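Comments concern the structure below.
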Amino acid sequence: MVYRYFGLCIAVMLLILAALAGCGRISAYQESKAQASEEARQQLIQEMGEENRARNEKRQAFLHSPLHEAGMGYLRVTLEELMPGCKMEISLEPGDYRDIAQEQLEKVPGNTEEWTEFFSRAALSFNVNHWDYKQEPEEICEKLMERGISGNMNADEWNSDRWYFRADTGETELYRRPGV
């Protein structure tokens, strides 16, 4: 009887030791899996950082190019002709010009067709105080499109709605922001 009890105790202890040994392997597996996951996450963060740096370099190349400078000047002169003394806030981003060669950033448009192509590829957004000039915003958009300019403009002084206009298609659209 004692031997049976002793044998049973040894069997239970062996089961406990086997379970504990298995836990060590599971724990080691979980730790290695967590480490691999963290390494993959760090690699992804590094790749995203490199992509963002490259994208920013291309954006900066556009923002410091003769093409951007000419586009900003052309827009400012046009807005000044339409609304003398107007207050302007202009954002002209690369849009499709992000992935072109530096030589193309040196070419400045010389006519309305070339400006139409430029503004249809670049991303223009601006605010102007058109309500002080007693002009309808849609009429201003049409006058800008006649000069080859595409983009979006504030529809009112609160900047809640936007006019989207495209010189290459002749389309204008008023976007009303929901809930405003």
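Considering only the stretch 147-180, state which residues are open to solvent by less than 100 Å² (accessible area, probe 1.4 Å), acidic (D, E) and over 20 Å from K134 (Cα atoms).
Across the stretch 147-180, the qualifying residue is only D168.
List the residue pairs whose Cβ atoms are under 9 Å apart, where the first residue sits in the stretch 38-60 and is in contact (Cβ under 8 Å) with a residue 24 or more places away in the chain, the second is in a helix (DSSP H, G or I) and open to solvent by less than 90 Å² (accessible area, probe 1.4 Å), and the two are 6 or more positions apart or on different chains.
Taking only residues 6 or more apart or on different chains, the pairs are R55/R98; K58/Y97; K58/R98; R59/R98.
Would you call G85 open to solvent by less than 80 Å² (accessible area, probe 1.4 Å), within 26 Å of I140 (Cβ to Cβ) and either in contact (Cβ under 8 Å) with a residue 12 or more places away in the chain or not aliphatic (A, V, I, L, M) (or both)? Break it down stepwise before answering.
Values: open to solvent by less than 80 Å² (accessible area, probe 1.4 Å): yes; within 26 Å of I140 (Cβ to Cβ): yes; either in contact (Cβ under 8 Å) with a residue 12 or more places away in the chain or not aliphatic (A, V, I, L, M) (or both): yes.
Yes.
So, L67, is that one in a helix (DSSP H, G or I) and touching a residue at least 60 places away in the same chain (Cβ under 8 Å) or not?
On the way: in a helix (DSSP H, G or I): yes; touching a residue at least 60 places away in the same chain (Cβ under 8 Å): no.
Answer is no for this residue.
Could you run through the stretch 121-145 and say how many residues are open to solvent by less than 30 Å² (accessible area, probe 1.4 Å) and closer than 26 Å to E51 by Cβ?
So the count comes out to 2.
Would it be correct to say that S120 is part of a loop (DSSP other than H, G, I, E, B) and either touching a helix residue (DSSP H, G or I) at 6+ places or on another chain (Cβ under 6 Å) or among the hydroxyl-bearing types (S, T, Y) (or both)?
Details: part of a loop (DSSP other than H, G, I, E, B): no; either touching a helix residue (DSSP H, G or I) at 6+ places or on another chain (Cβ under 6 Å) or among the hydroxyl-bearing types (S, T, Y) (or both): yes.
So S120 does not fit the description; no.
Any chance you could count how many residues in the stretch 76-108 are charged (D, E, K, R), under 17 Å from the mean Cα position of the chain (by Cα) and under 15 Å from M153 (Cα atoms)? First the steps, then the outcome.
The initial filter retains those residues of the stretch 76-108 that are charged (D, E, K, R), namely 76, 80-81, 87, 89, 93, 96, 98-99, 103, 106-107.
Remaining after also requiring under 17 Å from the mean Cα position of the chain (by Cα): 93, 96, 98-99.
If we keep only those that are under 15 Å from M153 (Cα atoms) as well, we get 93.
Final tally of qualifying residues: 1.
Among the listed residues G49, G73, G110, which satisfies the condition of being farther than 23 Å from G148 by Cβ, surrounded by fewer than 17 Cβ atoms within 10 Å (Cβ to Cβ) and not aliphatic (A, V, I, L, M)?
Exactly one residue qualifies, and that residue is G49.
The values are calculated or read from the model by the stated rules, or taken from the named source; none is laboratory data. These figures come from a predicted structure and were not determined experimentally. Note that we place each Cβ from the backbone using ideal geometry, even for glycine, and neighbour counts take in every protein chain shown. With ligands, DNA and RNA removed, areas are computed over all heavy atoms of the protein, side chains included. Shrake-Rupley method; radii C 1.70, N 1.55, O 1.52, S 1.80 Å.
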